[in-house]
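Data first, discussion second: the structure below is written as structure tokens.
The values are calculated or read from the model by the stated rules, or taken from the named source; none is laboratory data. Computed from a predicted structure; not experimentally measured. Every residue, glycine as well, gets a Cβ built from its backbone with ideal geometry; the counts of neighbours run over all protein chains shown. When the accessible area is computed, the model is the full protein with side chains, heavy atoms only, and any ligands, DNA or RNA have been set aside. Shrake-Rupley method; radii C 1.70, N 1.55, O 1.52, S 1.80 Å.
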Amino acid sequence: MIIISRIGYIIGTKNAEKGLFSCILLSEEESNKISKVQEGSYVYVKAEDEEDIIYVGVVKDVQVINPQVNDEGMQFWKDRLRELDHAYSVLSLTEYKVVTVHLFCSYDQEKREIVPIISWISPGTELKLADETLVDSIILRGEDGLRVGTLAYLQTEPAIKLHPDKIIEDSLAIFGTRGSGKSYAAGIILEEFEKYGTPCLVIDPHGEYWGLNQLVKTNAQGELEILAEQGITVNVVYPGQLRDGLTAEQKYTAIGFPPRCIKEMFERIQECDNLFLTPLQINFSDIGLTQITSLVDFTSTQIETIETIWNRITDNYQNAVFDPIGFFQYGLANDDIGRRTENALRRKIEIINGLNIFKDYGQRIVDKETGEILWPENIHDGSQYDTESLQMGHFGPKQITILDVSNPELSEPARLSFCASILNSVKDMMRKEIFRGLFILAEEAHRFAPIDQRVPTKSILEWFAREGRKNGAGLCLVSQRPSGLDRDIISQCNSKILMRLTEQADLKVAADIIAGDFRHYIDRLPYFQQGFGIFMGSASFLPIVIDFRERETNSKFGETKKVVPDITDREKSVAVYQEEWKEKMKQYS
Ligand SMILES: Nc1ncnc2c1ncn2[C@@H]1O[C@H](COP(=O)(O)OP(=O)(O)OP(=O)(O)O)[C@@H](O)[C@H]1O
Ligand SMILES: [Mg+2]
């Protein structure tokens, strides 16, 4: 049911081809709805000759006009306004508003479908304010979905429900400056996907997402309280290795590159059963030929050599896994490595091996399925290797798997290789249709798919952006520097959320993204408050501004540390610093 609320009349056409009409608004006495009308408000008019058809539009600008304030009037009022309070009320008598409305579609209320605008709109036609039901069924497409927040700038604030399939189908990019609320919003989207049971994978270079396992509430004092009830099941996967004979704590902290927040995670694990830590090593052979050659600066001769060895292995063995040194040894044994390149290539392969993230196969080539040694052929000592790296068991319905690559000692090439290998394994699993659906979120996307630079993760992310949807995988890229992100990947993401952006270079990218009549949103981007974002994509009929809701889970691990203990009390701040310092000194002396 649409409640009629007349706010004014069409007075003329601005540009009928573009659907632009001027409307005069009724004065406040006649309709108190008028104060609600602002740029971005949704409105409609009824078609003249068709019963069920309405034309739906959006207010593009609002002008307040007062005939008393023309050039002559200005001088008159300027002199009087200073002296006379009543002048205001006299002025307001002749004041009225004219808005420009962009009518962009017509809607058949009976059939509930959107049809092209066909008939002429006469001056005098009543303009009405669209209510929540109408906005929901047309702008938001009327379906249930990811409840991420409300429509901003409207007083009724209809709830936004983004269709999860459309988000997966489109691939999503979230752009915004530092602190604009990207990760917070991404966390909300993860919370919402989890409610549908969709498994999620997060690439987390800051180690900030694992708080999704804690349900929280802000109390009356504005402090964050962790509820007894548990949040989402979270599996934190990181580059590392389990060894026998260690205490539980040693097991997780001693070997490999544990997450930045490993201490807090370990404490949390003692008191909950929905947080898991999974140290994992990857197969060198899983990162793929093109990715390997982008790991170190190889010369073109060296790249050719690597390709020859790679092709020889894949020609000879169907299901081979190997470590970097084994790969090199195989090349040597088959005379694929020339005398002159041998030493230089060996050094580079050793650098790759030294990243300390690859499984060690004792310089052998091993069958991936059986774990048996394939090469050298004369070794039959019965040893069998565990060749699994990432498995289906690391994922789950209603579970978020986090690739935590936040350890500062992890070098950037190791970080990228680790993620590339895991994404490649996921791709294999998707192709085998092990998953029904998977939502993949990559933070700091400009590091994983930089513009004009070859890195191990780039081609696999491109695959997910381009082909993922056919296999049920949706990609979401988060970045504070869209101008540093590969343009092809950006163009593959058909849904976008733009949060506050201030850099000229980034605003240029945004200008390319926001189409046609909604360009004026660009001017607002630098002033967006935290948690506001323009959404464009097939989940809504028009670009909309989302006011993201509050998080249900703990987002504090992504927050900036407070440097000033009390902003209003300088002395207290100094005292807190001094006290903490004294305690620390005791520990270290
Ligand atoms: N919708 C929101 N409601 C309430 N607080 C929010 C909202 N969005 C963001 N915030 C606050 O803003 C802070 C910064 O947000 P967030 O960490 O998501 O920024 P970011 O864009 O990811 O920044 P960075 O580029 O540094 O990662 C959060 O810690 C949170 O407190
Ligand atoms: Mg962030």
* Where segment 6-138 is the region considered: accessible area per residue in Å², 1.4 Å probe -> 57 Å²
* To do: Determine the share of segment 20-155's accessible area contributed by carbon and sulfur atoms, expressed in whole percent, with a 1.4 angstrom probe.
  => 49 percent
* Structure fact -> To the nearest 0.05, the calculated FRET efficiency linking Ala220 and Val576 through their beta-carbon distance, R0 being 22 Å, is 0.40
* Asked: Summing +1 for each Lys or Arg and -1 for each Asp or Glu, what net charge is found among the other residues whose Cβ lies under 9 Å from the Cβ of Ile490?
  -> -1
* Structure fact -> Dipole check, the chain, charges on Cβ (K,R +1; D,E -1), about Cα centroid: among Cys200, Ser411, Leu172 the Cα furthest to the positive pole belongs to Ser411
* If you stretched the chain out fully between Leu93 and Glu559, how much longer would it get, using 0.36 nm times the residue separation minus the C-alpha to C-alpha distance? -> 162.6 nm
* Residue-span extension gain [Ser589 to Ile351] - 0.36 nm each, minus C-alpha spacing -> 81.8 nm
* Structure fact -> In this structure, the FRET efficiency calculated for Leu246 and Arg6 from their beta-carbon separation, with R0 = 56 Å, to the nearest 0.05, is 0.15
* Can you tell me how much longer the chain between Asn319 and Gln68 gets when fully stretched, taken as 0.36 nm per residue apart minus their C-alpha distance, in nm with one decimal? => 81.9 nm
* Structure fact -> Any chymotrypsin sites (Phe, Trp or Tyr not before Pro) in segment 38-92 that lie in a DSSP loop and have at most 11 other Cβ atoms within 10 Å would be none
* Sequence-separation-based contact order of the chain, relative, with Cα cut under 8 Å and 6+ spacing, percent -> 18 percent
* Asked: Hey, got a sec? Which chymotrypsin sites (Phe, Trp or Tyr not before Pro) in segment 124-230 land in a DSSP loop and have at most 16 other Cβ atoms within 10 Å?
  -> Tyr153, Tyr196
* Structure fact -> Per DSSP loop assignment and a cutoff of at most 10 other beta carbons within 10 Å, the chain keeps its longest run without exposed GluC sites (Glu not before Pro) at 434-589
* Return the distance in nm (one decimal) between the two label points of a simple spin-label model at Thr299 and Lys508, each offset 7 Å from Cα along Cα→Cβ. => 3.7 nm
* Please sort by residue number the chymotrypsin sites (Phe, Trp or Tyr not before Pro) in segment 360-400 whose DSSP state is loop and whose Cβ has at most 14 other Cβ atoms within 10 Å. => none
* To do: Using a 1.4 angstrom probe on heavy atoms only, work out the carbon and sulfur share of the accessible area of segment 413-527 in %.
  => 41 percent
* Structure fact -> In this structure, the FRET efficiency calculated for Gln109 and Asp523 from their beta-carbon separation, with R0 = 25 Å, to the nearest 0.05, is 0.15
* Asked: Which one of Leu129, His86, Gly57 is farthest out on the positive end of the charge dipole of the chain, using unit charges on Cβ (Lys, Arg +1; Asp, Glu -1) and the Cα centre as origin?
  -> His86
* **Value of [θ]222 nm, deg cm²/dmol, for the chain, DSSP H segments ≥ 4, -39500 (n - 2.57) each, nearest 500** => -9000 deg cm²/dmol
* Of the chain, which part is the longest with no trypsin sites (Lys or Arg not before Pro) in a loop (DSSP not H, G, I, E, B) and with at most 13 other C-beta atoms within 10 angstrom? -> 244-431
* Label-point separation, Asp381 to Glu229 (7 Å along Cα→Cβ), nm -> 5.6 nm
